[in-house]
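Chemist: I'd like to ask you about the structure that follows.
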Amino acid sequence: MDFTFSPEHTALRRLIREFAENEVAPIAAELDREHEVPHEVMRKLGKIGLLGVCFPQEYGGMGAGEAGYCILMEELGRICTSTATNVGAHIGIGAMAIHLDGTPEQKRKYLVPLARGEKIAAFGLTEANAGSDAANIRTRAVREGDSWILDGGKVFITNGGYADVITIMAVTDPTLGARGGVTAFIAESQWPGFKVAREEDKMGIRGTSTAELVFEELRVPHENVLGKVGEGFVTFMKSLDMGRLTLGAACLGGAQAAVEWSVRWAKARKQFGAELAHKQSIQWMIADMATEVEALRSLVYRVAWMVDTGQPFTQLAAMCKMYGSEVASRAIDMALQIHGGLGCSRDFPIDRAFRDARIAEIFEGTNEIQRIVIATNIFREHGVRIRP
Amino acid sequence: MDFTFSEEQDMFRAMFRDFSAKEVAPKAEEIDHEEKPPVDALRKAANQGFLGATLPEDYFGAGLDTVSYALLIETLARDCMSMAITLATHVSLAAMSILEHGTDAQKEEWLPPMAAGEMIGAFALTEPDAGSDVGGLQTRITPAGDEVLLDGVKTWVANGEIAGLFLVFAQGAEGVEAFLVPKNTPGLTVGYREPTLGLRSVTFNTVYLEGCRVPTANRLGKPGEGQSIAQRAQDRMAVALAAAGLGAAEAAISTAAQFATERVQFGVPVAKKQAIQSYVAEAFVETEALRNLIYHAAWLADQGEDLSLDASTVKAFGARVARSVTNRMVQVMGGYGYMEDYPMARKYRDARMLGIMGGPTELHYVQVAQRVFAEWDIEITP
């Protein structure tokens, strides 16, 4: 066993931390306040190669593997959940589907500019009545010569309002279910028939675009079918597995920041004649959050190692997402409590972290769905087949 | 034992619901997003007598008992917690302090305009370095004949921006003193408004006191009584805050439960899923426990029992239930719980602040522990 990071990964972390503290930290509050996407940060991240952190070098990537990608998400999550979410939607699910199942031509055409940040990606799965329940997808794709005509729409699409490239899940054979009946497509947002219908006003991650997309006779060339016709579900599930792991990594960063803030404040703030650090209520909170952060850290990087060494990881990725989001929510909730009034003020980063953290228990498959996935896998090993 | 409401309490509750549905609910989302204090609703509440809710009729109050008052706060908070807290700050912290500790002259001067809503009350206790720790107040009192000069900074003064009268706590030679300071008093400046996580229609302001000259006739109680005046006020407020938490929890459950019957996933409404059922059931159990705790505490107060016996218990539990219930109801609604176009996100943000304002839960637990350990004669300090 060896739990140390390689010198390359250590250097990568140093680079990202510096970038996050210098380039992201100063604008994080403003992104939240102004409901603005960090376009400039995304451009810079692309320029120094970080938007291709886990993709192979032949397609413009850095080749730092899933562990390198987790380091990126952890360090961004420590400073700004919105920025981490933009990056996660771009790399982790948007571009990832092309990396995993794209043809060499698709990768050259799409993955290369995505890895360089010249184009931004989004992942189009969720619909009004199909989120975690992918079998209920209504967006329809009908073959017409060398093209597919897509009609329908998606909701709650992260990066949806400004992405250039969107992978879209659509029904190609309504007689079949999720397996066999749906196909993944690569579409471009400037094509006719692609419309951003609305931007959501959210409690947190306000530095992200969450959009409703409408497709009206959106013509997608057959060469943009991602993976095989009828196997979109498989393509998307693989991306989602990766996304769940790295969402856990972003949550790790958020929880880590909560510990850092709390310790700093408990050292500084005096009440009843002593620093808060001397109060057991506070000590308990710090001890609990620090323990959970360490447990999460070990889980996240173990799963990253499993991905990088080609081991199955679906089950553990679900745990990363579920546990990570709950660790972050609990840690940030405690940080808010420790900071008292300041924790509730939008002049301090904790209020933002509190609002931001809450979404991780919901998106990319609610934690209820993760629990179903985890339980299903466990019971399957014991010969019991359960349904959601 | 008798757990039923009196005919009068039933009638009041119906009236509160009516009022809240008509005057509070329609504006709740808008005033939250625009961070505007609920001035229209306050004016209309004044017309109904709600701003003098628990004041006696002699002072043009509505003469409500504590149970009915809890019902009022609960009902308002179902639709808009900001409105409930604004009103409770005025009634429980400001007006009732004057009723309880004021001279006849003070009561006659201040209570009728407060009951009529012509003068909104605020409570200026917290300072940058003294919130829960009342003994550590830095605001100073300098005697000047039959006046005093107040110097210091107060933070997180609820109703700061809309108040006509501030109840200011300061440190004098004989301990903490409380003064009634009208808004237009030279030397009193209402400053910075905190941008808050929740309760965005409650104005929390910094108030500066610079050589603020106040007649000694405006002192509430005797010198040295300030600390107990503050404690009494916070005990009353604790129950009101818990009642606000109860209202938020009830409304959150009803909104999320309805959503769960309409939201179909995997072929059935999510209400059919056990995970959702257990979220709703746990929330319901906690909410019912809170309801009984609050009404019981309010009833005890109406029997003339000392409220401080139960205030910390009620407040700590109310904050916890409001937070855990709204948190789970966000989860029931999934992505829709996170969107500001639906009321759940606001309820969640609002509810979280109950664990901080009026004293953090940790401090209330110290007070609860003091009570538990009292039997063994051991001193428990925060």
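What follows draws every value from the coordinates through simple rules; no lab data is involved. Quantities reported herein were computed from a predicted structural model and do not represent experimental measurements. Because the Cβ atoms are built from the backbone with ideal geometry, glycine has one as well, and the counts that use them run over all protein chains shown.
Chemist: At R0 = 56 Å, how high is the FRET efficiency between B:Glu210 and A:Arg43 if r is their beta carbon distance? Nearest 0.05 is fine.
Modeler: 0.70
Chemist: From other protein chains only, count the Cβ atoms within 10 Å of every residue's Cβ in B:355-367, then give the mean.
Modeler: Shielding by partners across B:355-367 averages 4.
Chemist: Using the alpha carbon gyration tensor of the range B:30-176, what are the three equivalent-ellipsoid semi-axes (square root of 5 times each eigenvalue), largest first, in whole Å? Can you show the working numbers first?
Modeler: Numbers: eigenvalues 151, 75, 35 Å².
Each semi-axis is the square root of five times an eigenvalue, giving 27, 19, 13 Å.
Chemist: Hey, another quick one. Compute log10 of I(q)/I(0) for the range B:227-374 with the Debye formula, placing one identical point scatterer on every Cα and leaving out solvent, at q = 0.08, 0.09, 0.10, 0.17 Å⁻¹, to two decimals.
Modeler: Results for the range B:227-374 at q = 0.08, 0.09, 0.10, 0.17 Å⁻¹ read -0.26, -0.32, -0.39, -0.88.
Chemist: May I ask you to derive the FRET efficiency for A:Asp347 and A:Val196 from their Cβ-Cβ distance with R0 = 51 Å, giving the value to the nearest 0.05?
Modeler: Values: r = 32 Å, r/R0 = 0.63.
The computed FRET efficiency comes out at 0.95.
Chemist: Here is a further query. In what sequence, highest mean first, do A:328-337, A:192-201 appear when ranked by Cβ atoms within 10 angstrom?
Modeler: Numbers: A:328-337: 25.4, A:192-201: 14.9.
Going from most to least packed, we get A:328-337, A:192-201.
Chemist: How large is the dipole of the range A:1-106 about the Cα centre if only Lys and Arg carry +1 and Asp and Glu carry -1, each at its Cβ, rounded to the nearest 20 debye?
Modeler: On the way: 8 positive and 16 negative charges, 35 e Å.
Charge dipole, the range A:1-106, about its Cα centre: 160 debye, nearest 20.
Chemist: For A:Met285, A:Met306, A:Met73, B:Met81, what ranking results if the residue with the fewest other Cβ atoms within 10 Å of its Cβ goes first?
Modeler: Details: A:Met285 24, A:Met306 16, A:Met73 27, B:Met81 33.
Lowest count first: A:Met306, A:Met285, A:Met73, B:Met81.
Chemist: Quick one: 3J(HN,Hα) in Hz for the range A:133-138, Karplus 6.51/-1.76/1.60 with θ = phi - 60°, rounded, Gly and Pro as x.
Modeler: 8, 5, 5, 9, 4, 10
Chemist: Which value at 222 nm does chain A reach when only helices count, each DSSP H run of 4 or more adding -39,500 (n - 2.57), with the total divided by all residues and rounded to the nearest 500 deg cm²/dmol? Mind showing how you got there, number by number?
Modeler: On the way: 13 runs with 184 residues, N = 388.
Theoretical 222 nm ellipticity from helices: -15500 deg cm²/dmol.
Chemist: Cut-off is 10 Å between beta-carbons; in what order do A:Thr103, A:Thr83, A:Thr158 appear when sorted fewest neighbours first? Numbers along the way, then the final one.
Modeler: On the way: A:Thr103 14, A:Thr83 27, A:Thr158 24.
Placing the least packed residue first, the sequence is A:Thr103, A:Thr158, A:Thr83.
Chemist: Continuing with the same structure: The range B:245-262 to the range A:1-70: how many Å between their Cα centroids?
Modeler: 41
Chemist: Additional query: Calculate the length of the line joining the C-alpha centroid of the range B:191-235 to that of the range A:115-163, in whole Å.
Modeler: 55
Chemist: Given the pairs A:Lys321/B:Lys347; A:Lys154/A:Lys195; B:Lys154/B:Lys183; A:Lys47/A:Lys119; A:Lys47/A:Lys321, which span a C-alpha to C-alpha distance of over 18 angstrom in this model? Before the final figure, lay out the partial values.
Modeler: Values: A:Lys321/B:Lys347 25 Å; A:Lys154/A:Lys195 10 Å; B:Lys154/B:Lys183 14 Å; A:Lys47/A:Lys119 12 Å; A:Lys47/A:Lys321 29 Å.
Over 18 Å apart, Cα to Cα: A:Lys321/B:Lys347; A:Lys47/A:Lys321.
Chemist: Explain nothing, just the number: dipole magnitude of the protein assembly as shown about its Cα centre with +1 on each Lys and Arg Cβ and -1 on each Asp and Glu Cβ, in debye rounded to the nearest 20. Numbers along the way, then the final one.
Modeler: Working: 75 positive and 100 negative charges, 455 e Å.
That gives a dipole near 2180 debye.
Chemist: To test your reading of the geometry: what angle, between 0 and 90 degrees and rounded to tens, separates the Cα axis of helix A:65-79 from the longest principal axis of chain A?
Modeler: 50
Chemist: Amide H to amide H under 5 Å from B:Gly172: which residues, 5+ apart in sequence or cross-chain, H placed 1.01 Å off N in plane?
Modeler: When sequence neighbours closer than 5 places are left aside, the close amide H contacts are B:Glu177.
Chemist: If you don't mind, there's one more thing I want to ask. Express the Stokes-Einstein translational diffusion coefficient of the range B:7-115 in µm² s⁻¹, to the nearest whole number, given a Kirkwood radius over alpha-carbon pairs, 10 °C and a viscosity of 1.306 mPa s.
Modeler: Working: Rh = 14.0 Å.
Calculated translational D: 113 µm²/s.
Chemist: Right, something else. What number, in nm² with one decimal, is the all-direction average of the projected area of the convex hull of the alpha-carbon atoms of the protein assembly as shown? Spell out each step's value before the answer.
Modeler: Values: hull surface 143.0 nm².
That works out to 35.8 nm².
Chemist: Could you tell me the center-to-center distance, by alpha carbons, between the range A:282-344 and the range A:215-281 in angstrom?
Modeler: Measuring centre to centre over Cα atoms gives 10 Å.
Chemist: Can you tell me the 0 to 90 degree angle between the C-alpha axis of helix A:280-308 and the longest principal axis of chain A, rounded to 10?
Modeler: 30
Chemist: How long are the semi-axes of the equivalent ellipsoid of the range A:234-381, taking √(5λ) for every eigenvalue λ of the Cα gyration tensor, in whole Å from largest down?
Modeler: Working from the Cα gyration tensor, I get semi-axes of 33, 15, 12 Å.
Chemist: Continuing with the same structure: Near the amide H of B:Leu55, under 5 Å away, which other amide H atoms are found, from residues 5 or more places off or on another chain, if H is placed in the peptide plane?
Modeler: B:Ala62, B:Gly63, B:Leu64
Chemist: Same structure again: Convert each backbone phi in the range B:259-275 into a coupling constant with the Karplus relation 6.51 cos²θ - 1.76 cosθ + 1.60 (shift: θ = phi - 60°), then list the ³J(HN,Hα) values in order as whole Hz, x for Gly and Pro.
Modeler: Running phi through 6.51 cos²θ - 1.76 cosθ + 1.60 with θ = phi - 60° gives 4, 5, 7, 9, 7, 9, 9, 6, x, 9, x, 5, 4, 7, 8, 5, 4 Hz.
Chemist: In terms of modelled amide H atoms, which long-range or inter-chain residues lie less than 5 Å from the amide H of B:Tyr192?
Modeler: B:Thr206
Chemist: Work from the charge dipole of chain A (Cβ charges, +1 for Lys and Arg, -1 for Asp and Glu, about the Cα centre) and give the residue of A:Ser298, A:His90, A:Gln106 farthest towards its positive end.
Modeler: My answer, from the dipole projection, is A:Ser298.
Chemist: Hey, what angle do you get for helix B:308-333 against the long axis of chain B, alpha-carbon based, 0 to 90 degrees rounded to 10?
Modeler: The two axes meet at around 40 degrees.
Chemist: Set Lys and Arg Cβ to +1 and Asp and Glu Cβ to -1, take the dipole of the protein assembly as shown about its Cα centre, and tell me which of B:Pro182, A:Gln315, B:Leu71 lies farthest positive.
Modeler: So the residue furthest toward the plus end is A:Gln315.
Chemist: For chain A, what is the per residue volume of the convex hull drawn over the alpha-carbon atoms, in cubic angstrom?
Modeler: Details: hull volume 55.0 nm³, N = 388.
Considering the Cα atoms of chain A, their hull volume per residue is 142 Å³.
Chemist: Can you pull the three principal axis extents for the Cα set of the range A:7-120, in Å, largest first?
Modeler: 41, 34, 19
Chemist: Output ³J(HN,Hα) for the range B:350-365: one whole-Hz value per residue in order, computed from phi by the Karplus curve 6.51 cos²θ - 1.76 cosθ + 1.60 with θ = phi - 60°, and x for Gly and Pro.
Modeler: Residue by residue, the range B:350-365 yields 4, 4, 4, 6, 5, x, 10, 6, x, x, x, 3, 4, 6, 5, 5 Hz.
Chemist: I would also like to ask the following. Taking the Cα centre of chain A as the origin, how large is its charge dipole in debye, to the nearest 20, when only Lys and Arg (+1) and Asp and Glu (-1) carry charge on their Cβ atoms? The partial results should precede the final answer.
Modeler: Numbers: 43 positive and 49 negative charges, 110 e Å.
I would put it at about 540 debye.
Chemist: Now for a different question. Under the rule of -39500 (n - 2.57) per DSSP H run of 4 or more residues, summed and divided by the residues of chain B, what mean residue ellipticity at 222 nm is obtained, to the nearest 500 deg cm²/dmol?
Modeler: Values: 13 runs with 192 residues, N = 382.
Estimated from H runs of four or more residues: -16500 deg cm²/dmol.
Chemist: Please arrange A:Val259, B:Val39, B:Val239 by how many other C-beta atoms lie within 10 Å of their C-beta, fewest to most. The partial results should precede the final answer.
Modeler: Working: A:Val259 20, B:Val39 14, B:Val239 28.
Sorted ascending by nearby Cβ count, the order is B:Val39, A:Val259, B:Val239.
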